[in-house]
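So the structure is just underneath, and the comments pick up after that.
The values are calculated or read from the model by the stated rules, or taken from the named source; none is laboratory data. On a predicted model such as this, the values are computed, not experimentally measured, just so you know. All Cβ positions, even for glycine, are placed from backbone atoms using ideal geometry, and neighbour counts span all protein chains on display.
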């Protein structure tokens, strides 16, 4: 790995080893943090581990939606 960056997700600090640009790594962590906070707003009495699973499912859904759009665009070529 190339660089280390410290990020904060849902109030916890993590040290990431990354080959990405530090700003990109920070933005990715910020995206995860935002999803965690979004889940906390929707489900305020849910445990952090359950919030993490819900956030992961939402992120996976975002990825799946984008992949489907890419496939549709590739079919148009």
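A compact table of results
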{"item": "Selection within region 14-54 - outside any helix (DSSP H, G or I) and over 15 Å from residue 3 (Cα atoms)", "result": "43, 44, 45, 46, 47"}
{"item": "Residue in region 32-51 that is modelled with pLDDT of 95 or more, touching a strand residue (DSSP E or B) at 6+ places or on another chain (Cβ under 6 Å) and surrounded by 10 or more Cβ atoms within 10 Å (Cβ to Cβ) present", "result": "yes"}
{"item": "Tally of residues being surrounded by 11 or more Cβ atoms within 10 Å (Cβ to Cβ) and more than 14 Å from the chain's Cα centre (by Cα) across region 17-31", "result": "4"}
{"item": "Filter pass, residue 63 being in contact (Cβ under 8 Å) with a residue 40 or more places away in the chain, within 14 Å of the chain's Cα centre (by Cα) and closer than 26 Å to residue 6 by Cβ", "result": "no"}
{"item": "Where residue 7 falls short, out of the listed (1) loosely packed, with under 11 Cβ neighbours inside 10 Å; (2) modelled with pLDDT of 95 or more; (3) more than 11 Å from the chain's Cα centre (by Cα)", "result": "(1)"}
{"item": "Counted residues, region 1-13 - those being in contact with a helix residue (DSSP H, G or I) (Cβ under 8 Å, 6 or more places away or on another chain) and either touching a residue at least 60 places away in the same chain (Cβ under 8 Å) or over 10 Å from residue 32 (Cβ atoms) (or both)", "result": "3"}
